[in-house]
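Written out below as C-alpha cells is the structure these notes cover.
None of the figures in this text is laboratory data; all of them are computed from the coordinates on show. No experiment lies behind these values; they were computed from the predicted model shown. Cβ: placed from backbone, ideal geometry, glycine included. Neighbour counts: every protein chain shown.
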Amino acid sequence: MTASDSLPVPESFLREANELGVNFAPGEIEKLGRYLALLLEANQRINLTAVTEPEEAWRKHILDSLTLLAILSEGPGGSRIADVGAGGGAPGLPLAIVMPRAHFTLIEATGKKAAFLTEAATALELSNVVVVSDRAETLGQDHKQFRAQYDYVLARAVGRISVVAELTIPLTNVGGQVLLIKGAKADEELAEAKQALHRLHTSCAGVIETPTGKIVVLEKLRETPRLYPRRPGEPKRSPLG
C-alpha cells in the first residue's frame, strides 16, 4: 500500500461507529482511510505508532478518536480545539475530518512528527488544521496567541494526569474543558492528581467509559495562576502534588 491509497474500512469499525452514534458525511470514511495510509507509510521512516495492523489501526486510531465526538458536538460549531502532543495525528486529524466547522491546532514539539502532521493535513485538504511545532509549556505562557484560547484541549498518551493537566489547562479558556483519552488507570491517576487540579483551578467533571478506554473530562473553573505551566520539562520532572 502507498500513501496515495485509502486504507479499506473494516465492517467491525463501521459497526462500532454506528453503536457510538457516529454519522459520516460523504467522503469522510475514505478520507479517514487516507489518513491511516499516510500514517502507516510515514511510520516506516518515523516512529509514529506501534499499531500497524489495518483493522487494529481503524479501532485504536480512528474509533478511539471519535469517542470524543459526543462531548465535542455539545460545543459551538466553530469550536477552537487544541491537541497537545499530537504525535501521529490522533485524535486531532480524524476529528478535523469529521468536524469541518471546528478549528484545530495540533501541538507537537518533535520536528519530524510536526512535519508529518503538516504534510498529512495538506494531503487531506484540511483547511481547519494548523500545526505548531513547540512545547506546550512555552505555548501555555504565550498570552497573545495560545494561553486561554481554546474551548477544548485534547491529549492522548501524553502522560499521567498530574503531568498532562499542567500542559493542557493553561491553554483552555475559563469554562472550557480538557478531554484526556486514558486507559484502565484513569481513576488511579485522578486520585494522584487531586492536588494538581486544585492548584490549576480545575475540577474533574466526569469519567466516561468508551469502547476503547476512558475519557477524563476536566473543567477549568478560574484563570490559571501565572506560574503555570512551569518551564519546559519541569512538569514531567516534578509533577504538581
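Computed values, structure above
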quantity: Cα→Cβ-extended label distance, 7 Å offset, between Glu74 and Arg15, nm; calculated: 3.0
quantity: Mean Cβ neighbour count within 10 Å, used as a protection proxy, ranking 108-117, 38-47, 77-86 highest first; calculated: 77-86, 108-117, 38-47
quantity: Neighbour-count ranking [beta-carbon atoms within 10 angstrom, fewest first] of Ser127, Ser65; calculated: Ser127, Ser65
quantity: Between helix 111-123 and the chain: long-axis angle, C-alpha atoms, 0 to 90°, nearest 10; calculated: 50
quantity: Label zone at Arg231 (point 7 Å along Cα-to-Cβ), backbone N below 15 Å, segment 138-153; calculated: 138
quantity: With Cα atoms, 0 to 90° folded angle of helix 28-42 axis to the chain main axis; calculated: 80
quantity: Segment 76-237, dipole about Cα centre (Lys/Arg Cβ +1, Asp/Glu Cβ -1), debye to the nearest 20; calculated: 380
quantity: Sum of side-chain charges, Pro91 neighbourhood, beta-carbon under 9 Å (Lys, Arg +1; Asp, Glu -1); calculated: -1
quantity: Amide H contacts under 5 Å for Leu154, placed H, 5+ residues apart; calculated: Ala82, Asp83, Val84, Leu179
quantity: Segment 1-84 - Rg (one decimal) and Dmax (whole number), Cα, Å; calculated: 13.7, 38
quantity: Charge-dipole axis of the chain as Lys and Arg at +1 and Asp and Glu at -1 on Cβ define it, positive-most pick from Ala50, Asn23, Ala86; calculated: Ala86
quantity: Ala115/Arg222 FRET efficiency (R0 45 Å; Cβ-Cβ; nearest 0.05); calculated: 0.75
quantity: His201, His61 arranged by Cβ crowding within 10 Å, fewest neighbours leading; calculated: His201, His61
quantity: Semi-axes of the equivalent ellipsoid for segment 135-200, Cα gyration tensor, largest first, Å; calculated: 21, 12, 11
quantity: Pairwise label distance in nanometres, Ala25 with Glu53, each label 7 Å out on the Cα-Cβ vector; calculated: 3.4
quantity: Fewest-first ranking of Tyr35, Tyr152, using other Cβ atoms within 10 Å as the exposure measure; calculated: Tyr152, Tyr35
quantity: Mean projection area, nm², convex hull over Cα of segment 80-156; calculated: 4.5
quantity: Under Karplus coefficients 6.51, -1.76 and 1.60, residue-wise ³J(HN,Hα) of segment 137-146 in Hz, glycine/proline x; calculated: 5, 5, 5, x, 9, 8, 6, 8, 10, 10
quantity: Integer Hz, Karplus 6.51/-1.76/1.60 couplings in order for segment 191-202, x for Gly and Pro; calculated: 4, 5, 8, 3, 5, 4, 5, 4, 5, 8, 6, 9
quantity: 5 angstrom amide H check on Asp142, placed H, neighbours 5+ away; calculated: Arg147
quantity: Partners for Lys182 among lysines (Cα-Cα distance below 17 Å; same-chain residues under 8 apart left out); calculated: Lys60, Lys194, Lys214
quantity: Set of segment 222-241 residues, backbone N closer than 16 Å to the point 7 Å along the Cα-Cβ line of Glu192; calculated: 235-241
